[in-house]
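The next block holds one structure in the form of structure tokens; read it before the comments.
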Amino acid sequence: MAKKKSAASRKKPATAKKAARKTVVKKKPAAKRKTAKVKKPKAARQRLGRPKVTAHARLDVLFQKDYQAREVFAFLRVETIRELEEHAPQEIIEQMTHPLVQTVDRIRKALALNNRSLARDEKFAVEFLNRLITGR
């Protein structure tokens, strides 16, 4: 005669299936941790270290041998390092070149009025005269 399986022996395979199911279930990936904030770089002066000259130092003394630099300072009307530090490099370049650009434009217009032009600049002269004639 065949023996009937007891209730306890029937439960073992059921728990084994549940355990197998638990291992098959995939877990969702954990949320990514937030990265630490990147620190902003400190001001340029702090990276340069302690200044070797004061902000009230006169530029003509500091740049005694650099005549061209002294001309720039005269053009900008600055006398101390503090006054010079208020200007950005690109701002200085624009202030220095603007009068030159205006002068070249005046030269181009004066030549165009006399039917002349600079080298490879005839197109500007023709357009300038056409604008004068049409009034635009």
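The values are calculated or read from the model by the stated rules, or taken from the named source; none is laboratory data. Values in this document were obtained by computation on a predicted structure and should not be read as measured data. Every residue, glycine among them, receives a Cβ derived from its backbone with ideal geometry; neighbour counts consider all protein chains shown.
One table, with the values for the structure above:
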item: Among the candidates Lys40, Lys65, residue that is modelled with pLDDT under 95 and outside the structural domain of Asn130 (by TED's automatic domain parsing); result: Lys40
item: Residue list for the stretch 44-59, restricted to those being surrounded by 13 or more Cβ atoms within 10 Å (Cβ to Cβ) and either assigned to a helix (DSSP H, G or I) or hydroxyl-bearing (Ser, Thr, Tyr) (or both); result: Leu59
